[in-house]
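*Asks:* Here it is, the structure in full.
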Amino acid sequence: MSDGENRASIQCPIGLFDDQEVRMAALAEAVNQASTPLAKAPWADEIMAAADELLACEAYDESSRDCRLCHRFADLRRRTAALIVKVAQVAR
């Protein structure tokens, strides 16, 4: 399976999703490569920032399936990253 086949198929009218999806995928890989919760936390913080950019999109259109999927995707990534950060805080 190629990288293009692994990516979500969301047609963003302003191109924001594609850029942030690539960024979050790379950050998720960095999280997966880190060996401790404390080492994962900085990458998770960056995932949350990328997800926040998607969630704050001024072009969001509630009637657009793509926009709703983008927000759901971003929310899921953000929640997952927030859990990683919480674990790191407990590990301190």
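*Asks:* Tally up the residues in the stretch 56-84 that are aliphatic (A, V, I, L, M) and either more than 14 Å from the chain's Cα centre (by Cα) or surrounded by fewer than 14 Cβ atoms within 10 Å (Cβ to Cβ) (or both), please.
*Replies:* Going through the stretch 56-84 one residue at a time, the tally reaches 4.
*Asks:* Scan the helices (runs of 4 or more DSSP H) fully inside the stretch 1-67 and keep the ones with 2 or more residues being within 30 Å of R92 (Cβ to Cβ), at pLDDT 95 or above and out of contact with any Phe, Trp or Tyr (no Cβ under 7 Å at 6 or more places or on another chain).
*Replies:* It comes to 16-33, 37-55.
*Asks:* For the structure I just gave you, tell me whether E21 is in contact with a Lys or Arg (Cβ under 8 Å, 6 or more places away or on another chain) and crowded, with 18+ Cβ neighbours inside 10 Å.
*Replies:* yes
The values are calculated or read from the model by the stated rules, or taken from the named source; none is laboratory data. Just so we're clear, the structure is a prediction, and the values are computed from it rather than from any experiment. Glycine gets a Cβ as well: all are built from the backbone with ideal geometry, and neighbour counts include every protein chain shown.
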